[in-house]
Amino acid sequence: MRTAIISDIHGNIDALQAVLVDIKNRGIKDIYNLGDHFYGPLFPLETYKLLVKEKHIRNIRGNCDRILLDIHSENPTVQYVQTMLEEEHKEWIANLPFSLQTEEFYFCHGTPTSDESYLLEEMSPNGSRLKKTEDILKLVNGISQNIIFCAHTHIPRVVYLPNNKIVINPGSVGLPAYEDELPIYHKMESGTPHANYTIVTKKENDWLIEHIHIPYNREAAILQSKKCGRIDWVKALQTGRI
């Protein structure tokens, strides 16, 4: 059993296409998408068309999907995307589930109770760091599945817990680095400009976990970011850093 997990596309259609081609070439049919599909200065409608075309992808909602439905938002990037959204797109976003579950897997964007909190990392004035084991255990308490997928930080990571659960973040398909003001100012940097996703494979009673880094043509995304005045996105797409 092989499963591909993608997340945080952020309107980067070229990155998404490259990832889906790689997944197809590997013969993987089960794909789960952990949210944040369109937010950003790139290509939200093109991304939408590709996602709805790929019927085998199961999608959940991220915090940057939810905020696109906030008609009172003063966020310029939210407003940029909202000007393009029609009722079809809004309805698709509104119908996305918060989480998904299978017998083996649990999927969420942030944590099992919040789409805007980090499951594995905590912020400090010195930057991000891995949370204490006991703090992660509290956040996944009550989840019966042994494999838990989260996203939101854009940083590929695997954490093994003492209760035999594994928490996996596939990283970001479309935005390899960003900065945020909340809960305190911090940067999240993957260090690679490539598109990231994860494959998990069942090997008898064990799991093979592969973080995949896919090169793709970033010229269109970089040019579009420049047109929108998002120099932070330009550097992130070029270097994987802010």
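The values are calculated or read from the model by the stated rules, or taken from the named source; none is laboratory data. All figures in this text were calculated on a predicted structure; none of them were measured in a lab. Here the Cβ is made from the backbone with ideal geometry for all residues, glycine too, and neighbour counts use every protein chain on show.
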TODO: Consider only pairs whose beta carbons are under 8 Å apart and that are at least six residues apart or on different chains; among these, list those whose first residue lies in segment 22-43 and is touching a residue at least 40 places away in the same chain (Cβ under 8 Å) and under 21 Å from HIS109 (Cβ atoms) and whose second residue is surrounded by fewer than 20 Cβ atoms within 10 Å (Cβ to Cβ) and among the acidic types (Asp, Glu).
DONE: none
Task: Residue ID - farthest from the chain's Cα centre (by Cα), chosen from residues in segment 81-130 that are closer than 25 Å to ILE143 by Cα and charged (D, E, K, R) - done: GLU103
Task: Any chance ILE199 is in contact (Cβ under 8 Å) with a residue 12 or more places away in the chain and either of a type in the set (D, E, K, R) or in a strand (DSSP E or B) (or both) - done: yes
TODO: Return yes or no: is LYS235 exposed (fewer than 15 other Cβ atoms within 10 Å of the Cβ) and either over 19 Å from ALA18 (Cβ atoms) or modelled with pLDDT of 95 or more (or both)?
DONE: no
TODO: Might you let me know whether segment 141-162 holds any residue that is modelled with pLDDT under 95 and either among the acidic types (Asp, Glu) or not in a loop (DSSP other than H, G, I, E, B) (or both)?
DONE: no
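Taking the conditions exactly as written (touching a helix residue (DSSP H, G or I) at 6+ places or on another chain (Cβ under 8 Å), more than 23 Å from ILE67 (Cα to Cα) and touching a residue at least 12 places away in the same chain (Cβ under 8 Å)), does PRO156 satisfy them or not?
When the stated conditions are applied, PRO156 does not pass them.
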Open item on the list: Return the residues of segment 172-221 that are among the polar types (S, T, N, Q) and in contact with a Pro (Cβ under 7 Å, 6 or more places away or on another chain); say none if nothing qualifies.
Closed with: SER190, THR192, ASN196, THR198
Task: Single unsatisfied condition, GLU91 versus (1) without any contact (Cβ under 8 Å) to a residue 12 or more places away in the chain; (2) within 27 Å of LEU208 (Cα to Cα) - done: (2)
- [ ] Considering only residues that are of a type in the set (Val, Ile, Thr) and part of a helix (DSSP H, G or I), look in segment 70-101 and name the one that is surrounded by the most Cβ atoms within 10 Å (Cβ to Cβ).
- [x] VAL81
TODO: Give segment 49-76 a look and list any residue that's more than 15 Å from the chain's Cα centre (by Cα) and in contact (Cβ under 8 Å) with a residue 40 or more places away in the chain, or say none.
DONE: VAL52
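Need at least 1 residues that are surrounded by fewer than 16 Cβ atoms within 10 Å (Cβ to Cβ) per element, so show me which strands (runs of 3 or more DSSP E) inside segment 1-59 make the cut, counting only ones lying wholly within it.
2-6, 57-59
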Task: Within segment 118-136, tally of residues that are in a loop (DSSP other than H, G, I, E, B), within 18 Å of GLY171 (Cβ to Cβ) and not hydrophobic (A, V, I, L, M, F, W, C) - done: 2
Open item on the list: Among (1) at pLDDT 95 or above; (2) surrounded by fewer than 20 Cβ atoms within 10 Å (Cβ to Cβ); (3) part of a loop (DSSP other than H, G, I, E, B), there is one condition PRO183 misses while meeting the rest; what is its number?
Closed with: (1)
